[in-house]
Each structure stands twice: as structure tokens, then as C-alpha cells.
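The structure appears below as C-alpha cells.
The values are calculated or read from the model by the stated rules, or taken from the named source; none is laboratory data. Keep in mind it's a predicted model, so treat the numbers as computed, not measured. A quick note on method: Cβ atoms are made from the backbone with ideal geometry, for glycine too, and the neighbour counts reach across all protein chains shown.
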Amino acid sequence: MSTADHLTRFPNRPEASAAQRAFERFRTDPAYQAFFLLRFGFVLLPIVMGQDKFFNNFVNWEKYLAHWIWNISPLSALHTMRVVGVIEIVAGVLVAAKPRYFAYLVAAWLGGIVIDLLSYSGYYDIALRDAALMVTALTLGRLASRFDPPGFKQLFHL
């Protein structure tokens, strides 16, 4: 039996490297595929959208800021959205590090965005989309409870 056949039949054997076991799991386990894709999306997209808060290449983000939030913020709408961008970048990095915990933080953040959009007439369609993203972030958190071990020991290689 070749090494590849051995790894396919016995992906949890110690002879298989961690990368080989992960690839085999990705290839054969639909739940792990869903976890991987959701994790990838909730890492990449918040980082990209957070960066765009500084450049407004995709959209003028200030138009999505409800006036009541703008009024209580000590910053201008532009600078408030830049703070939002930093928070989104940090959230993406945290999901990369530990989705078991930080997917719920992203879900809460998306809940805040939904409240912002619902309180500002004209963006109900985007609020609905972000509510769906919130549910998806919650789904990532639930899947992470299976695929991301608890604690931070593995994160820091202790």
C-alpha cells in the first residue's frame, strides 16, 4: 500500500502530517468544508471591507452611518467609519486566530450594524443581508465548537 493510500484510509494516523490530515479532512468531511469556507470568508471579508473604510473604493461608507450614531460620536462621520474599519480588520484577524470565540464577536458586531441600518430609513435590504451574515457568523461559531479546540494553548504553541 502506498503512503497516499495509507493516508486516505487512515487520515488520523501519527505518520500523516498535520497538513495531510487537514487536507484529507477537507476533502472528505462536508461539515469541515463548511467550517473552512465560513472561516475563510469571515477572515478575508472583514479585513477587505475594513480597509475600504479608509479608501471608499467600493462605496462611500459614511452614507450608511445613522445620524443618531453620528451625533453621539465625538468624531466626524469619516473618522467614525475609519474606527469601524479598524474594528473590522481586528475582528477578521481574531476570527483567523480563534473562530470558536471570535465568530460570536463578529455576529454581535453585525447585529449592531443591523440596528444601525434599521434605524436609518432606506437601507432595509442591506440590513436583511447583514442579518443573514450575522446568522452565518453564528453558524461559524457553532461549527468551530467542533473543529477549533477550546482555549488559547494551541494558538500560542504552549
* Asked: Quick check: anything in the range 109-118 modelled with pLDDT of 95 or more, surrounded by 16 or more Cβ atoms within 10 Å (Cβ to Cβ), in contact with a helix residue (DSSP H, G or I) (Cβ under 7 Å, 6 or more places away or on another chain) and among the acidic types (Asp, Glu)?
  -> no
* To do: Mind counting the residues in the range 84-109 that are charged (D, E, K, R) and farther than 19 Å from Ile69 by Cα?
  => 2
* To do: Considering only the range 59-138, give the helices (runs of 4 or more DSSP H) lying wholly within it that have at least 2 residues that are within 12 Å of the chain's Cα centre (by Cα).
  => 77-97, 99-118
* Asked: Taking the condition among the hydroxyl-bearing types (Ser, Thr, Tyr) and closer than 22 Å to Asp148 by Cβ, does Tyr124 pass?
  -> no
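Check the range 60-71 and report whether any residue there is within 26 Å of Tyr124 (Cβ to Cβ), modelled with pLDDT of 95 or more and of a type in the set (Gly, Ala, Ser).
Initially, the range 60-71 is screened for residues within 26 Å of Tyr124 (Cβ to Cβ), giving 60-71.
Next, only the ones that are modelled with pLDDT of 95 or more stay: none.
No, every residue in the range 60-71 fails to be within 26 Å of Tyr124 (Cβ to Cβ), modelled with pLDDT of 95 or more and of a type in the set (Gly, Ala, Ser).
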* Structure fact -> By residue number, the members of the range 41-88 that are basic (Lys, Arg) and within 16 Å of Trp109 (Cα to Cα) are Lys53, Arg82
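Determine whether the range 71-92 contains at least one residue that is buried (at least 19 other Cβ atoms within 10 Å of the Cβ) and farther than 23 Å from Ala132 by Cβ. Explain how you work it out, then say what you get.
Residues of the range 71-92 buried (at least 19 other Cβ atoms within 10 Å of the Cβ): 80-81, 84-85, 88, 91-92.
Pick out the ones that are also farther than 23 Å from Ala132 by Cβ and you get 80.
Yes: the range 71-92 contains one or more residues that are buried (at least 19 other Cβ atoms within 10 Å of the Cβ) and farther than 23 Å from Ala132 by Cβ.
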* To do: Taking Lys98 as meeting all but one of (1) touching a residue at least 40 places away in the same chain (Cβ under 8 Å); (2) crowded, with 19+ Cβ neighbours inside 10 Å, write down the number of the exception.
  => (2)
* Asked: What do you reckon, is Arg100 charged (D, E, K, R) and touching a Gly at 6+ places or on another chain (Cβ under 8 Å)?
  -> yes
* **Sole exception among (1) under 29 Å from Arg142 (Cβ atoms); (2) surrounded by 14 or more Cβ atoms within 10 Å (Cβ to Cβ); (3) touching a residue at least 24 places away in the same chain (Cβ under 8 Å) for Leu65, by number** => (1)
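Give the residue, chosen from Arg82, Arg100, that is touching a helix residue (DSSP H, G or I) at 6+ places or on another chain (Cβ under 9 Å), farther than 16 Å from Pro46 by Cα and modelled with pLDDT of 95 or more.
Arg100
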